[in-house]
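Asks: Below: one structure in structure tokens.
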Amino acid sequence: MNELFSIRMHATRGGGHLSGAERLVQEADLEGVAGQLIRRALAHPRGCAENIRLSVDALPAATVRTSRLPDLATVRVRDYRQGREAAEALLQHAGVSARGATRAMATLVAGAAPDGRSMRGAMLVDAESGDRLEPDPARGVRASRMDLSSVAEVQLRQALARLGLDNEHVREALVLAGKVMQVPGILAELCWSDDPDYTAGYVAAPALGYRRLTALKPAGEERGGRAFFVRRSDLNLEQLQRDLREMVVLFTELGELAGETPWEDVRDILAAGA
Ligand code: WAQ
Ligand code: MG
């Protein structure tokens, strides 16, 4: 394998987080991807970036682990209220306590950053109590150094297109969730977008795969975010943050991609298996 570079973009507007992205690319593609990331920060649905940071780091080939994407399935919900109920139930299925799921959900709803807006990274949440454990609640913890191989990207886009799901939100979230699930100590993840026009979200966990929920927030809502659930008892905060940032995961294989199932049916299936 050729040497890979990690390229990361972070953009702000009005002093707050606007847009971020992280990719793994070969040297020949660095300039092209840098241009795409800058364009993305300038064309964000929440406004044009006022400040853009790009960083590029060469990664020794030996550190790259190749992997398979999580299985993806869609849970169809009536509206975002049912979506939030379903997400809490899925989180509990993954080992998060009712209190942990409810508190994390309420925090994302209210805007997880101290100013009531979205954070740049994710909350780290104690799966038992729901307490927030990230050192800086404005910044959160950021996952980086994950991407699709170019072959897997083509395959994923074809497979998602058959489900009507080939968009950047789904592709990037599936990759992020796939990496986060491999970080030792992470039990589950909850996410919905901070883009006002993208209302779907997901719960991901090793036992569940990547479960999309067709709605987790009302249209027009700008508050979004992520919660990574951990077990506090065996938490090494420094190591976890380092793994989230630095473990290099390149997805070279797809998982299974399933269609839509109504929440009521998913609930019954999970209950029968539990
Ligand atoms: N590491 C940690 N947290 C992140 C990262 C990252 N690399 N990237 C984004 N976040 C956090 C941050 O708080 C953002 O405000 C929030 O997540 C939402 O990010 O299958 O588009 O990029 O249809 O707006 C879900 C797709 C899309 C559901 C999620 O998130 C589906 C999305 P966004
Ligand atoms: Mg966004």
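Asks: Could you tell me whether any residue of region 159-167 is at pLDDT 95 or above, surrounded by fewer than 16 Cβ atoms within 10 Å (Cβ to Cβ) and basic (Lys, Arg)?
Replies: Yes, region 159-167 has at least one match.
Asks: Same structure, new question: In region 131-158, which residues are within 11 Å of ligand 1 (Cβ to nearest atom) and crowded, with 17+ Cβ neighbours inside 10 Å?
Replies: Matches in region 131-158: Glu134, Gly140, Val141, Arg142, Ala143, Ser144, Arg145, Met146.
Asks: For region 203-219, state whether one or more residues are of a type in the set (D, E, K, R), farther than 19 Å from Thr102 by Cα and not in a strand (DSSP E or B).
Replies: Keep residues of region 203-219 that are of a type in the set (D, E, K, R), which gives 211-212, 217.
From what's left, farther than 19 Å from Thr102 by Cα: none.
No, that holds for no residue.
Asks: Residues of region 166-179 being in contact with a helix residue (DSSP H, G or I) (Cβ under 9 Å, 6 or more places away or on another chain) and away from ligand 2 (no atom under 16 Å from the Cβ), which ones?
Replies: Result: Asp166, Lys179.
Asks: Among the numbered criteria (1) acidic (Asp, Glu); (2) in contact (Cβ under 8 Å) with a residue 12 or more places away in the chain; (3) under 20 Å from Ser150 (Cα atoms), which single criterion is violated by Glu50?
Replies: The failed condition is (3).
Asks: Can you pull out every residue in region 169-194 that is among the hydrophobic types (A, V, I, L, M, F, W, C) and assigned to a helix (DSSP H, G or I)? Break it down stepwise before answering.
Replies: Within region 169-194, the subset among the hydrophobic types (A, V, I, L, M, F, W, C) is 170, 173-177, 180-181, 183, 186-188, 190-192.
Once the filter is applied, which keeps residues that are among the hydrophobic types (A, V, I, L, M, F, W, C) and assigned to a helix (DSSP H, G or I), region 169-194 yields Val170, Ala173, Leu174, Val175, Leu176, Ala177, Val180, Met181.
Asks: What do you reckon, is Thr107 within 13 Å of ligand 1 (Cβ to nearest atom), at pLDDT 95 or above and of a type in the set (S, T, N, Q)? Can you show your working first?
Replies: Working: within 13 Å of ligand 1 (Cβ to nearest atom): yes; at pLDDT 95 or above: yes; of a type in the set (S, T, N, Q): yes.
Taking the combined requirement at face value, the residue satisfies it.
Asks: Name the pairs: first residue in region 165-190 and over 11 Å from Tyr210 (Cβ atoms), second residue assigned to a helix (DSSP H, G or I) and β-branched (Val, Ile, Thr), Cβ to Cβ under 6 Å, at least 6 apart or on different chains?
Replies: If the second residue must be assigned to a helix (DSSP H, G or I) and β-branched (Val, Ile, Thr), the pairs left are Ile186/Val180.
Asks: When Ala271 is evaluated against the numbered criteria (1) surrounded by 15 or more Cβ atoms within 10 Å (Cβ to Cβ); (2) modelled with pLDDT under 95; (3) of a type in the set (Gly, Ala, Ser), which criterion, by number, is the only one it fails?
Replies: Result: Ala271 passes all but (1).
Asks: Kindly indicate whether Leu91 is crowded, with 19+ Cβ neighbours inside 10 Å and without any contact (Cβ under 8 Å) to a residue 60 or more places away in the chain.
Replies: Values: crowded, with 19+ Cβ neighbours inside 10 Å: yes; without any contact (Cβ under 8 Å) to a residue 60 or more places away in the chain: no.
No: the conditions fail for Leu91.
Asks: Of all residues in region 221-268, count the ones that are in a loop (DSSP other than H, G, I, E, B) and more than 19 Å from Thr102 (Cα to Cα).
Replies: In the first step, residues of region 221-268 are kept if they are in a loop (DSSP other than H, G, I, E, B); the result is 221-224, 231, 235-236, 247, 254-256.
Narrowing the set further to residues that are more than 19 Å from Thr102 (Cα to Cα) leaves 221-222, 235-236, 247, 254-256.
Result for region 221-268: 8.
Asks: Could you look through region 116-145, keep only residues that are farther than 13 Å from Arg226 by Cα and of a type in the set (Asp, Glu), and pick out the one that is modelled with the lowest pLDDT? So that I can check it myself, show each step before the final result.
Replies: The first filter runs over region 116-145 and keeps only residues farther than 13 Å from Arg226 by Cα, leaving 116, 126-131, 133, 135-136, 144-145.
Going one step further and asking which of them are of a type in the set (Asp, Glu), we end up with 126, 128, 131, 136.
Working: Asp126: 98, Glu128: 97, Asp131: 97, Asp136: 93.
Step by step, filter region 116-145, then rank; the result is Asp136.
The values are calculated or read from the model by the stated rules, or taken from the named source; none is laboratory data. Being a predicted model, the structure only gives us computed values, none of them experimental. Cβ atoms come from the backbone with ideal geometry, glycine included; neighbour counts cover every protein chain shown.
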